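The values are calculated or read from the model by the stated rules, or taken from the named source; none is laboratory data. Remember, it's a predicted structure, so these values are computed and weren't measured experimentally. Here the Cβ positions follow ideal geometry from the backbone for every residue, glycine too, while neighbour counts run over all protein chains shown. All accessible areas refer to the heavy atoms of the entire protein, side chains included, with ligands and DNA or RNA removed. Shrake-Rupley method; radii C 1.70, N 1.55, O 1.52, S 1.80 Å.
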There are 2 protein chains.
Amino acid sequence: MAEQPRADLLSPDTHGARTHTCGALRHDDTGEGVTLKGWVDTRRDHGGLVFIDLRDRYGLTQVVFSPQDNQDAYEAAGRLRREDVISVRGTVRPRGDEAVNPNLATGTIEVKGDSLAVLNTAETPPFVVSAHEERQMDTGEALRLKHRYLDLRRPALQDNLTLRHRLYQTTRRYFDDHDFLEVETPVLMKSTPEGARDFLVPSRLHPGRFYALPQSPQTYKQLLMVGGLDRYVQIVKCFRDEDLRADRQPEFTQIDVEMTFATEEQVYDLTEGLMADLWADLEDTTLETPFPRMTYAEALRTYGTDKPDTRFGMELHDVSDCFAGSGFRVFESIVDGGGDIVALRVPGEGDRNRAQMDRLEDYVTEEIGAAGLIYFQLPSDGSEMTQNLSTDALPKEYGRAAAEQVGATAGDLVLTLAGDPPTVYEQAGDLRLYMGEETGARPDPRSGEDQFLWVTDFPLLEYDEDAGRYVSMHHPFTAPQPDDLDHLEDDPDDVQARAYDLVLNGNEIGGGSIRIHTRETQQRVFDVLGIDADEAQERFGFLLDAFRYGAPPHGGIALGLDRLVMLLAGADSLRDVIAFPKNQSGQEPMVQSPDWVDPEQLETLALRLDLPPDVEPPAHVARRSRLAS
Amino acid sequence: MAEQPRADLLSPDTHGARTHTCGALRHDDTGEGVTLKGWVDTRRDHGGLVFIDLRDRYGLTQVVFSPQDNQDAYEAAGRLRREDVISVRGTVRPRGDEAVNPNLATGTIEVKGDSLAVLNTAETPPFVVSAHEERQMDTGEALRLKHRYLDLRRPALQDNLTLRHRLYQTTRRYFDDHDFLEVETPVLMKSTPEGARDFLVPSRLHPGRFYALPQSPQTYKQLLMVGGLDRYVQIVKCFRDEDLRADRQPEFTQIDVEMTFATEEQVYDLTEGLMADLWADLEDTTLETPFPRMTYAEALRTYGTDKPDTRFGMELHDVSDCFAGSGFRVFESIVDGGGDIVALRVPGEGDRNRAQMDRLEDYVTEEIGAAGLIYFQLPSDGSEMTQNLSTDALPKEYGRAAAEQVGATAGDLVLTLAGDPPTVYEQAGDLRLYMGEETGARPDPRSGEDQFLWVTDFPLLEYDEDAGRYVSMHHPFTAPQPDDLDHLEDDPDDVQARAYDLVLNGNEIGGGSIRIHTRETQQRVFDVLGIDADEAQERFGFLLDAFRYGAPPHGGIALGLDRLVMLLAGADSLRDVIAFPKNQSGQEPMVQSPDWVDPEQLETLALRLDLPPDVEPPAHVARRSRLAS
């Protein structure tokens, strides 16, 4: 249980305000009388002196207490423990040459402690949070999230939050300079389920009715354009009630942007300018603009994904033609059925042994879900190509042709998957990323090697087999390409959207579109989506009505702020760039949310729990629930 | 019903990007070829020409179409209606002297329209939204909220939102300059009901459990201080499920601030610096700092409120002594029972006639809720004082003494209320504000006359008769004055808090405190509030736990951003400074939230409606609800 507080150590803070932070003092400050406040990072008793590394957000300063300077302070300092909070009055003096710490900004000085006030004591923390990285233990994330207030003391996490702070400032300055108005849109809005599930908020004043939390302020920002606000930006919390997935957060932050009279080129230009400012301010790097662009179709065919990491090769190739007439039944029947054979070249991996290749085959079938892997190895010694099929089944000339088409030379490995597009390309794209990680060809998140890419010309719609209807690839407010509008109803698959995604190192960091701005086109799109006029009016009537009264053309983009910070910080997880993240079950272990509530609270909301049989509420909730029903 | 769109007018936008906004062109631009885009504010056909006032967020520009320049454009322009959205290519030319409009930034020029593209047409709007104020009609707020996207086109509302935008920028720059980190705290948090009601959010992944929306990020910002973030700021949405009250919003925005090692003086200083920057940037005014301070006790005794408007006099006076021995039973019994007789002087209102005074008496009893009003009139002609009591009941010498004590002279009116404190002071404070408004002594919101005031030394607790226990005057994390700590349990009424409010012109625009930072003191305060150790651990365990591991002293403030913008804008209502406000029933008339949801949505949340008998759900909800039960 809890340790006893060392209350006898506490002393009132008679020192007044601190004069410096723990990262501020330099050799030039020698002789100055200072007051510092912070946490005891480390205490060392050595040669009749007590050395304290005093820590705050700004750094670490060494404080030395000696019995000659102040016997009481020396004795109290000797009883200090990790994470005690203290105030120190003292004098800056240079360290001896042998004691200078070149890794520390304050490493040339120390503070002779003249007076010590212990402002609060700490029990032994469940894990070490020292600024000295080597003293940090490898602590499980669950424990760190439970005591987030301790984990937040780690300089690494504070650096991430500081970077995030700077990203806010640069972003806001950029948009302010470009005449954008920051406008807050409602958090309590209306449920318009489409795509992900809404979080609902029961209304007490209107029993039976609910607000919903925004999945994005999409319709509101469009209404701001109809309202003549011209240019809108907001750094805004959004909410999606999704099923558990690694590294997703039920609440996330986006940089939300909308412009009146916008064209795609204007959105690209604006966004590239923001990225250039961010990289200049936060990374001290000059980004090359404009960013390269690639159509959705090309991205899928070449990288097997709509968010390609173009920092390394291993591009996909359709090698179907190479196998024409090969007699290999599997390939032939797939190609005859409209499928493709897709190959990629893995440089320098042609010498892998059988066991390694077996493991790769297992990965392809079990993790990627492809039917099988056919591969061709070109040994580095120039000896003959090998393959994992008998030459009876597939004569070598066909593999050689494929290897040649993908540009393989001695020492390379050629991997092929076969199947129907787009699935076979997506699988080959997954395989490419896997090989990129495994061989180290894909740059590390901390490498600082950044490549932006616009992916353009998305299809407007995709057919959802489960729902038995078309769904929007982005969202239902995305404008179709004007030339495609006349076959919206007859050939929905062939309609392209005025939509674009921004990709960074294989991560989608933003997406947007030029929007529909007429009632007629919006209703036509709703119709194709199976939302008839009545339902459209019920759910989106406010937008359709707004389009009646002079809605201007408009478009915009939304950028994922959390992911952007994560990539800038080289962090491994979104949880490392959010002060109080939820875990992978959507819970916050520190405050233990979500939690049961008093049955009276539900009663005032005109709600009753209707729990599945396997969920056992705590006693006080269960008892009251029974009474209520 | 809906009018037919004038689709034949529409033309594709071949003009490319606009070169200028509608507020940009000046005499110096004469001769320049320009492209403008915007809304048709007004059309005038005059002398064989069509004049269009083209409007956008930035201003109004006159465009002239003539048949000589372009016959097609002239004809199309002649068919334009209010709020149509157009693009114009043309040439800037000076207006004739007689046509110069000095009230318009672009009033010295016009644009000769060479080409016109109609980007969208508008049906006749339900109300006029012209930039020409005299053309705006007096439209009810309900209709304006329903079509908020139209109301937002009014320059007055756009000005408010622009001011709000500028307030964000100045605020963030200020805090960034002062080493504060902007940190986002969770919106999905844990319900810890205290004070107002929480909005709840059912969790689908954890059936039966709920998140709550923050009433303020109070505990999170304290945890950030425990986490060593040192200085925190956030412009953050907060939520309170309160009963209907005029000019309250269920979601509102605050500037939330917390500082480690903070003293009251540091918080005052920081806040005053922010206000000085805001007034300098937004009002071009130099604020005098430091702001005056007044204790809670003095504010109540002198102004009858904890948020006094000190811009006008009519201070309250305890005139109980003046009536000692008067024989007037009502006063004497009140004073004998510990009550006070409270007077205020209303300058220059001593000549009011009986009917006027009767109306005032009615107001005092009916609206303010006082038992009665005793008043004394000193006619301006110097004639004898009159009173609304017979001299038998109260000889005139007593009233004269009271009048003298409050400094009344010929022409003044002296009003007195009697009763128990603090109620009688609060009633007198209400009466003071009413008289201030009625006589015009209280400056108008648009006067620009601003007076800040710190109210200090609040009681820590107040006794809640309904709950039969003490409740926190601010919140349970407020630190008691150290000297009062030893009688926290014995004499809770007499414990002062380290709390402070910032008042502007009689409006509370912020409040804060130095916080408790030890587990022991926090539990003692919880005990006095009737929250025992088990309940405290259940509800606030995360904070009590955090206090174990080296919690530094800390304090802060939260400022009401909406109200601050309202006061800066001289707006009448919070709804005029929020883009999409809720109405007084907590509804948003435009999107019609809150709304009924599909019963399937509730089913996935393990919830059932349990509606009061007088609430009739719509058919599809009712039917499914029945099936579900």
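Run through the other copies and list how far each one's label point is from that of B:Asp269, in nm with one decimal, shortest first; the point sits 7 Å from Cα along Cα-Cβ.
4.8
Residues of A:16-24, mean number of Cβ from any other protein chain within 10 Å of their own Cβ, rounded to a whole number?
1
Long-range amide H contacts for B:Gly208: which residues qualify at under 5 Å (H placed 1.01 Å from N, peptide plane, sequence gap of 5 or more or a different chain)?
Counting only residues 5 or more places away or on other chains, the set is B:Ser203.
Along the principal axes of its C-alpha atoms, what lengths does chain B span, in descending order and rounded to whole Å?
94, 76, 57
Got a sec? What order do A:Leu150, B:Leu143 fall in by accessible area at 1.4 Å, biggest, i.e. largest, first?
B:Leu143, A:Leu150
Go ahead and run the numbers for FRET between A:Glu367 and A:Gln266, Cβ-Cβ distance against an R0 of 56 Å, rounding to 0.05.
0.85
Taking the Cα centre as origin and putting +1 on Lys and Arg beta-carbons and -1 on Asp and Glu beta-carbons, what dipole magnitude results for chain A, to the nearest 20 debye?
2980
Quick one: with all protein chains in place, what share of the accessible area of the protein assembly as shown is carbon or sulfur, to the nearest percent (1.4 Å probe)?
Looking at the protein assembly as shown in its full context, I get 45 percent from C and S.
What distance in nm lies between label points placed 7 Å from Cα along the C-beta direction at B:Ala401 and A:Ala142?
Distance between label points: 7.8 nm.
How large is log10 of I(q)/I(0) for region B:312-439 at q = 0.11, 0.15, 0.20, 0.22 Å⁻¹ when the intensity is taken from the Debye formula with one equal scatterer per alpha-carbon?
-0.32, -0.62, -1.18, -1.46
To the nearest 20 debye, what is the magnitude of the charge dipole of region B:312-439 about its Cα centre, counting +1 on the Cβ of each Lys and Arg and -1 on the Cβ of each Asp and Glu?
240
Go through B:Ser191, A:Ala401, A:His132 and say which Cα lies farthest out towards the positive end of the charge dipole of the protein assembly as shown; charges sit on Cβ, +1 for Lys and Arg, -1 for Asp and Glu.
Of the options given, the answer is A:His132.
Quick one: which bits of region B:522-553 get at least 30 Å² less accessible when the partner protein chains are in, versus the chain alone, with a 1.4 Å probe?
Correct list: B:Phe542, B:Arg548, B:Tyr549, B:Gly550.
With θ set to phi - 60° and the Karplus curve 6.51 cos²θ - 1.76 cosθ + 1.60, what are the ³J(HN,Hα) couplings of region B:121-135 in order, to the nearest whole Hz, using x for Gly and Pro?
After applying 6.51 cos²θ - 1.76 cosθ + 1.60, I find 9, 10, 6, 5, x, x, 8, 7, 10, 4, 6, 7, 4, 5, 8 Hz.
Taking θ as phi - 60°, what are the ³J(HN,Hα) couplings along region A:377-386 by the Karplus curve (6.51, -1.76, 1.60), each to the nearest whole Hz, with x for Gly and Pro?
Computed from phi, the couplings for region A:377-386 are 10, 10, x, 6, 7, x, 5, 5, 4, 10 Hz.
Could you check the simple spin-label distance between A:Ala467 and B:Leu485, using points 7 Å along Cα→Cβ, in nm with one decimal?
6.0
Say a paramagnetic label sat at a point 7 Å from the Cα of A:Thr295, along Cα to Cβ; which residues of region A:304-319 have their backbone N under 17 Å from it?
A:304-308, A:318
Distances in nm, one decimal, shortest first, from B:Ser390 to the same residue in every other copy, taking the label point 7 angstrom along Cα→Cβ.
For B:Ser390, the other copies' label points sit at 13.0 nm, shortest first.
Across peptide B:119-129, how many C-beta atoms of other chains are within 10 Å of each residue C-beta, on average?
Working: counts 7, 11, 5, 5, 6, 2, 3, 2, 0, 0, 4.
If you average over the peptide's residues, the count of other-chain Cβ atoms is 4.
Two decimals is fine: what is log10 I(q)/I(0) at q = 0.04, 0.06, 0.08 Å⁻¹ for the protein assembly as shown, from a Debye sum with one equal scatterer on every Cα and no solvent?
Rounded to two decimals, the profile gives -0.29, -0.66, -1.12.
Calculate, axis by axis, the spread of Cα positions in region A:7-134 along the three principal axes, and write the results as whole Å, longest axis first.
If we take the Cα atoms of region A:7-134, the spans are 37, 32, 31 Å.
Please work out the FRET efficiency for the pair A:Glu242 and B:Asp159, using the Cβ-Cβ distance as r and a Förster radius of 35 Å; give the result to the nearest 0.05.
Plugging the Cβ-Cβ distance into 1/(1 + (r/R0)^6) gives 0.30.
Considering amide H positions built from the backbone, and no H for Pro or chain starts, which residues 5 or more places from B:Ile109, or on another chain, come under 5 Å of its amide H?
Under 5 Å from the amide H of B:Ile109: B:Arg95.
May I ask you to derive the FRET efficiency for B:Asp532 and A:Ala196 from their Cβ-Cβ distance with R0 = 41 Å, giving the value to the nearest 0.05?
In this case the efficiency is close to 0.50.
B:Asp84's amide H: which non-local residues (gap 5+, or another chain) put their own amide H closer than 5 Å, with H modeled 1.01 Å from N in plane and none for Pro or chain starts?
Residues meeting the criterion, in which the H sits 1.01 Å from N, are B:Val40, B:Ala122.
Just how far, in whole angstrom, is region A:174-194 from region B:72-141 if you go by their alpha carbon centroids?
28
Count, for each residue of A:46-56, the Cβ atoms from other chains sitting within 10 Å of its Cβ, then give me the mean as a whole number.
1
Over the heavy atoms of A:Thr423, what accessible area does a 1.4 Å probe trace out, to the nearest 10 Å²?
70
At the nearest 100 Å², what buried accessible area, both sides summed, do you get for A and B when the probe is 1.4 Å?
Details: alone 30990 and 30950 Å², together 50680 Å².
Separately minus together, A and B give about 11300 Å² buried.
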